[in-house]
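Below: the structure, in structure tokens.
The values are calculated or read from the model by the stated rules, or taken from the named source; none is laboratory data. Note that the coordinates shown come from a computational prediction; the quantities given were computed from them, not determined experimentally. Counting neighbours? That spans all protein chains shown, and the Cβs are built from the backbone with ideal geometry, glycine included. Please note that ligands, DNA and RNA were not included when accessible areas were found on the heavy atoms of the full protein model with its side chains. Shrake-Rupley method; radii C 1.70, N 1.55, O 1.52, S 1.80 Å.
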Amino acid sequence: MTLNKTQKIRKAVFPAAGMGTRFLPATKAMPKEMLCLVDKPLIQYGVEEAVAAGCTEIIIITGRGKSTMEDHFDRSPELEASLAAKNKTALLEIARSVSKLAKITYTRQPEPLGLGHAVLMAKELVGDEPFAVLLPDDIVDATIPCMKQMVEAFNEIQSSILGSEIVEGAAIQNYGCLDCTPDPKNPRLLAVKDLVEKPKPENAPSQNAIIGRYILTPRIFDMLEHITPGAGGELQLTDGIKALLQHEKVYGFVYEGTRHDAGDKQGFLRATVEFALKNKDLGPSFRAWLKSLPL
């Protein structure tokens, strides 16, 4: 498949149908994606990143018990009327801005059958064009939003791109890993030869791990429809990308920024502290309070 050079990344897919078991009991009745990082839910950070990258259509893959995400991005006339009546104009603008971020469409994943299956659920909504995938758990703090960096690279090479960072030591066994070589013209681009899912450290082909940011060509849907379910009967996105490699080039992309795994309790706490310290209203007093603790 040869992409039309004029095609741009307009659509972003957010797989958000998982059960969030690492955060039980908090996620028993509340979607993990709605956990609040300082003053915004996790998924809003991702949606804002996609919008900053030029995406105008957001596709959220949901599941049972996820309706609060839809409510969050929808208008709230009662809340807006209350804020307007009390002349709380700043808060009113914040409330309204969330519902104006982008056109947001929802589709359900009937069963949690893996990341590849979740992406496949977006096939009809994406259509025949390249698209972004953002995992809400991965919060990337970057001067230039991570997905915007990747979109700019895609505009040059018109090929699928996988966000990547260096992971040293035994931690590589928790990630998909790239067998790759740096592009001689752009060392931030990595020509992918193969992908290895959660390798033992001694068997890892590199230290280049895949993170929750992807730009994929529409051919990925054909691959996902024909791969065999892996462990737990799930369709793995990495298996789909491995199959895609047989037909077209795929690149890793070493982004600039700091990633927080907010799907993990430790990562979520660290992200909360980092983002709170950077908050112009909360940061100074929060920093002073941290320094007063008997650590």
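Things worth noting here:
- Remark: the ASP194-GLU124 segment gains 22.4 nm on full extension, using 0.36 nm per residue and subtracting the alpha carbon distance.
- Within the range 196-272, GluC sites (Glu not before Pro) in DSSP loop having at most 16 other beta-carbon neighbours inside 10 Å: GLU248, GLU256
- Per residue, the accessible area of the chain comes to 51 Å², computed with a 1.4 Å probe over protein heavy atoms only.
- Shape parameters for the range 208-295, alpha-carbon atoms, Rg then Dmax in Å: 20.1, 58
- Long-range Cα-Cα pairs in the range 91-149 (distance over 14 Å), rounded percent: 72
- The equivalent ellipsoid of the range 121-246 has semi-axes of 21, 20, 14 Å, largest first, where each one is the square root of 5 times an eigenvalue of the Cα gyration tensor.
- Looking at the range 54-136, the trypsin sites (Lys or Arg not before Pro) that sit in a DSSP loop and have at most 15 other Cβ atoms within 10 Å of their own Cβ are ARG64, ARG75, LYS86, LYS88, LYS100.
- Helices meeting the span-like rule in the chain (full DSSP H runs, Cα extent of at least 15 Å along the helix axis, mean Kyte-Doolittle score of -0.5 or higher): 42-52, 89-99, 146-157, 265-278.
- Per-residue SASA remark: TYR255, around 20 Å² accessible (1.4 Å probe; ligands, DNA and RNA not included).
- For the range 1-128, the share of alpha carbon pairs falling in successive 10 Å distance bins from zero is 12, 37, 33, 15, 4, 0 percent.
- Ordered from largest to smallest accessible area (heavy atoms of protein chains, 1.4 Å probe), the residues MET19, MET30, MET147, MET223 come out as MET19, MET30, MET223, MET147.
- Across the protein chains, with a 1.4 Å probe defining accessible surface, the residues LEU162, LEU83 rank LEU83, LEU162 from largest area downward.
- For the chain, calculated [θ]222 nm from helices alone, where every DSSP H run of n ≥ 4 adds -39500 (n - 2.57): -9500 deg cm²/dmol
- Whole-percent carbon and sulfur share, accessible surface of the chain, 1.4 Å: 52
- Nonlocal Lys pairs with alpha-carbon distance under 16 Å, the range 141-295 (8 or more apart, or different chains): 5
- D by Stokes-Einstein for the range 141-188, Kirkwood Rh over Cα pairs, 25 °C, 0.890 mPa s: 193 µm²/s.
- The relative contact order of the chain comes to 22 percent, based on Cα pairs under 8 Å that sit 6 or more residues apart.
- Distance between the range 201-247 and the range 249-281 - C-alpha centres, whole angstrom: 23
- Working note: Cα atoms of the chain, range along each principal axis, descending, whole Å: 60, 48, 39.
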